[in-house]
1. Starting from the amide H of residue 23, placed 1.01 Å from N in the peptide plane, find each other amide H under 5 Å away whose residue is 5 or more places distant or on another chain.
2. Tell me, how many Å apart are the Cα centres for region 186-240 and for region 5-80?
3. Can you sort 70, 97, 251, 61 so the residue with the fewest Cβ neighbours within 10 Å comes first?
4. Take every DSSP beta bridge with both residues inside the chain and express the antiparallel ones as a percent of the total, to the nearest 5.
5. If you build a Gaussian network model of the chain, linking Cα atoms that sit under 10 Å apart, which residue out of 25, 128, 154 swings the most?
6. Can you give the relative contact order of the chain as a percent, counting alpha carbon pairs under 8 Å and 6+ residues apart?
7. Leaving out same-chain residues fewer than 8 places away, which lysines sit with a Cα under 22 Å from that of residue 210?
8. In what order do 163, 145 fall by count of nearby beta-carbon atoms within 10 Å, going from fewest to most?
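What follows is calculated from the coordinates using simple rules that are stated; it is not laboratory data. Source: prediction; values computed, not measured. Reconstructed Cβ throughout: ideal geometry from the backbone, glycine too, with neighbour counts over all protein chains shown.
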Amino acid sequence: MTPEFIIVTPQARPYIAHVQLNRPKELNALNLQLMQELRDALQQLDADENVRCIVLSGNDKAFAAGADIKQMAGRTAVDMYNIDQFTIWDGIKKIRKPIIAAVSGFALGGGCELAMLCDMIVASETAKFGQPEIKIGVMPGAGGTQRLTRAVGKALAMEMVLTGRFISAGEALAAGLINRIAPVELFLEDAFRLAADVARQSPLAVKVAKESVLRAFDSTLEEGLHFERKNFYLLFASEDQKEGMKAFMEKREPVFTGK
Ligand code: CAA
């Protein structure tokens, strides 16, 4: 079925897929259907051999202004527990290919959390990041208190979560939340350029490396180092390792197949 709230282009560039959030009138507020469509699309792209990296964007004005407040307003705690919307987010967390968020305008609440669930963030000069849930009597629920704190540290995370203050792209870059900033007319292109830099690497090594970097968040240093070392050794079973090192010695570009 064609999704209603997202636009999926599996080959926006060679080996690069583009998923665009598409509820512009609501500033891409993340209702349940949108999140289900997004999870399903990302899972399909994860299984598509011709996709090596995914760019996720909104539009110039909004990446996403958060979970859909109108959809949530009347819900009880029991409704929230039964709907359990964040299990959809768990599905996105399990995507093995890298996802680059291209953020322009608002990335607020669940929008900021969705950007942080991606592996890298390219922002436009107009991007605004924030966790304003406190202003509507709640708090972040899709990882904001954890991922934001790990990304920017306690001081800034606490201020953003407790006051709802938005930070600019410049402040986000200085704090380590995002990778780079581009003018608004170029941010998407810049995200595709970064995706191309990823897509030209061994797709197998990229997936294993992504998994290893993410392990840094979920484990002790000792466990993480052990995980990294096992994965490093494992890659020596791949054709891409043979090809990559041979190409280096032959002073040519490698041709990676993901095998
Ligand atoms: N949910 C539902 N609708 C939203 C929305 C949201 N999160 N954000 C914006 N919209 C809707 C507005 O209601 C408005 O719709 P109508 O035209 O039908 O009134 C439309 O999008 C345009 O928004 P505004 O008129 O408010 O635009 P603005 O430029 O004046 O303000 C804004 C932009 C500052 C982003 C403001 O819309 C805003 O504060 N939005 C809410 C941000 C927020 O609180 N996000 C957190 C949500 S809770 C959450 O995300 C929980 C979690 O952890 C998962």
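1. 28
2. 23
3. On the way: 70 9, 97 21, 251 6, 61 14.
Ordered from fewest to most neighbouring Cβ atoms within 10 Å, 70, 97, 251, 61 come out as 251, 70, 61, 97.
4. On the way: 7 of 29 bridges.
Approximately 25 percent, going by the DSSP bridge assignments.
5. Comparing 25, 128, 154 in a Gaussian network model of the chain, the most mobile one is 25.
6. Working: 462 pairs, mean separation 40.3, N = 259.
Relative contact order, the chain: 16 percent.
7. 93, 94, 97, 230, 242, 259
8. Values: 163 13, 145 18.
Ranked by crowding around the Cβ, least crowded first: 163, 145.
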